[in-house]
1. Which net charge results when you count Lys and Arg as +1 and Asp and Glu as -1 among the other residues whose beta-carbon is under 14 Å from that of residue 62?
2. Tell me which aspartates and glutamates have Cα within less than 18 Å of residue 33's Cα, excluding those fewer than 8 residues away on the same chain?
3. Angle check, please: helix 76-88 long axis (alpha carbons) against the longest principal axis of the chain (alpha carbons), in degrees 0 to 90, nearest 10.
4. Going by average Cβ density within 10 Å per residue, which order do the peptides 73-81, 57-65, 109-117 take, highest to lowest?
5. Please say if segment 1-125 is rounded, prolate or oblate, where rounded means a/c under 1.5 for a ≥ b ≥ c the square roots of the C-alpha gyration tensor eigenvalues, and otherwise the choice is prolate for a/b larger than b/c and oblate otherwise?
6. Rounding to the nearest 10 and keeping the result within 0 to 90°, find how far the Cα-based axis of helix 2-20 lies from the longest principal axis of the chain.
7. Explain nothing, just the number: dipole magnitude of the chain about its Cα centre with +1 on each Lys and Arg Cβ and -1 on each Asp and Glu Cβ, in debye rounded to the nearest 20.
8. Report the one residue of 102, 18, 59 whose Cα lies farthest in the direction of the positive end of the charge dipole of the chain (charges on C-beta: Lys and Arg +1, Asp and Glu -1; origin at the Cα centre).
Amino acid sequence: MVLFVSDTLVICCLGFTIVASIGRPDAFNSIIKNTLFYFIMNSEAFVFCFAGEYLSTKSKSIGDAAYDSFWYELDSKDSRNILLLILRSQNQLTITIGKIMNLSLEQFSNIIKTSASYISILLAMY
């Protein structure tokens, strides 16, 4: 959880630094360095969120694949095991942030939106 809060704040501060340094004489070097670091921080958050989204999608596909199999033509013991697998797969596996929210691409977009909101607030105060 601390990682994503700090990522959001660092992304916000980097965005503010990029926008605030546009009018300076040494703006080119500052903008290049900060933009590179900005993309690195965004990619770090994206990798974690993409992994959470991938895990959720794959856990859902396990139940779908078991349902699409010919489980009804198997022995009763095997079909019961497949049915239990289908029941267990209805609860998707997710990676959470401190058991508060799930990591997904939707959460990544929320991080970007929050950072943009903080940047606009800082620019209004600057």
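Every read-out reported here was derived from the displayed coordinates using simple, explicitly stated rules and does not represent laboratory data. As the structure is a computational prediction, the values presented were derived from the model and not from experiment. Don't worry about glycine lacking a Cβ; one is built from the backbone with ideal geometry, like all the others, and counts go over all protein chains shown.
1. Residues close to residue 62 contribute a combined charge of +1.
2. 7, 44
3. For helix 76-88, the angle is close to 20 degrees.
4. Per-residue Cβ counts within 10 Å, averaged per peptide and sorted highest first, yield 109-117, 57-65, 73-81.
5. Here segment 1-125 falls in the prolate category.
6. Approximately 40 degrees, to the nearest 10.
7. 340 debye
8. Going by the Cα projections, it comes out as 18.
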